[in-house]
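The structure under discussion appears below in the form of structure tokens.
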Amino acid sequence: MSLAARNLTLGYGGQPILRDLDLNLPQGQVTAIIGRNGCGKSTLLRGLGGLTRAQAGQVLLDGDDIATLRPKAIAQRMTLLPQSPIAPEGIRVAELVARGRTPWLRPFRPPGPEDRAAVTRAMEAAAVTDLRDARVSDLSGGQRQRVWIAMALAQETGWLLLDEPTTFLDLRHQLDLLKLLRALNRQDGRSVVMVLHDISLAARFADHVVAMRDGLVLAQGTPQSVIADEILRQVFGLETKVIADPLHGAPLVLPL
């Protein structure tokens, strides 16, 4: 499946945030979206996922305008995990993760063996199996984030869109999560699109980087082509020295 934006304008209350944006997200790769706070990264992700309706232009999912698709049809092909999702009061971890199977359930029928197996796989992948009976409200911020990731994984779609998935996670769990997402991409062929604030982690784990500023895409391409001193100066207003990571070879950003 392919995912693209054509002349896309998105905003809230009639006020555009993104204007006439064109974007092709590579299928079967990990894409990282970077940029300043408030530049439109989350709005773009919500538009791509069908949560924010286009004021103009189109979002095309495998050639289909998502504005013409039913929400269930979108949810069977694409998973979107927004920033700071809210869990129902008193819900337990296993129950929340199981909600990821909702797009696949038939009306008035309970989850089947394949749904339960998907939930188990997702909890194991996100390392939350030992929390299955805990109330989500009792968990730490990092634990809750991993539970939400598990719910997204349980949906088992070809496209996985994540808005700042490393929020609340310590460095070890950030690395574990990004390794997991890359493994899902490499092994299962899932296309991953994520908003990240850590540019060096984006460079290390992404195949494709989209750099945004003020509702526009300033650059997109490989980490080596996008994460460069002049582009970072334009995107962040920051003087940097980009060097090759001595361990992985990916661009490593040193703020000056």
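Miscellaneous remarks
- Net charge of neighbours whose Cβ lies under 10 Å from the Cβ of residue 82, counting Lys and Arg as +1 and Asp and Glu as -1: -1
- Using the Cβ-Cβ distance between residue 207 and residue 83 with R0 set to 30 Å, the FRET efficiency from 1/(1 + (r/R0)^6) comes to roughly 0.80.
- The residue 27 and residue 72 beta-carbon pair, evaluated with R₀ = 25 Å, returns a calculated FRET efficiency of approximately 0.70.
- Added length on full extension, which subtracts the Cα-Cα distance from 0.36 nm per residue, residue 243 to residue 106: 44.1 nm
- Anisotropy class of the range 16-64 from Cα gyration tensor, a/c 1.5 cut: oblate
- Model label sites at residue 138 and residue 36, defined 7 Å from Cα along the beta-carbon direction, differ in position by 4.4 nm.
- Across the accessible surface of the range 1-152, with the other protein chains kept in place and a 1.4 Å probe, carbon and sulfur atoms take up 49 percent.
- With at most 14 other Cβ atoms within 10 Å, longest stretch of the chain clear of loop GluC sites (Glu not before Pro) (DSSP): 90-238
- Within the chain, percent of DSSP bridges classed antiparallel, to nearest 5: 60 percent
- The range 1-107 shape via C-alpha gyration tensor axes, a/c threshold 1.5: prolate
- Two-site FRET efficiency, residue 7 against residue 170, from Cβ-Cβ distance with R₀ of 41 Å, rounded to 0.05: 0.50
- Per residue value of the accessible surface for the range 93-214 (all protein chains in place, 1.4 Å probe), Å²: 46 Å²
- Length added when fully stretched, residue 65-residue 256, from 0.36 nm per residue minus Cα-Cα: 64.4 nm
- Computed lengthening from residue 229 to residue 183, 0.36 nm per intervening residue step minus Cα-Cα distance: 13.6 nm
The values are calculated or read from the model by the stated rules, or taken from the named source; none is laboratory data. Nothing here was measured: the structure is a model prediction, and the numbers come from that model. Every residue, glycine among them, receives a Cβ derived from its backbone with ideal geometry; neighbour counts consider all protein chains shown. SASA here: full protein model, heavy atoms, side chains in, ligands and nucleic acids out. Shrake-Rupley method; radii C 1.70, N 1.55, O 1.52, S 1.80 Å.
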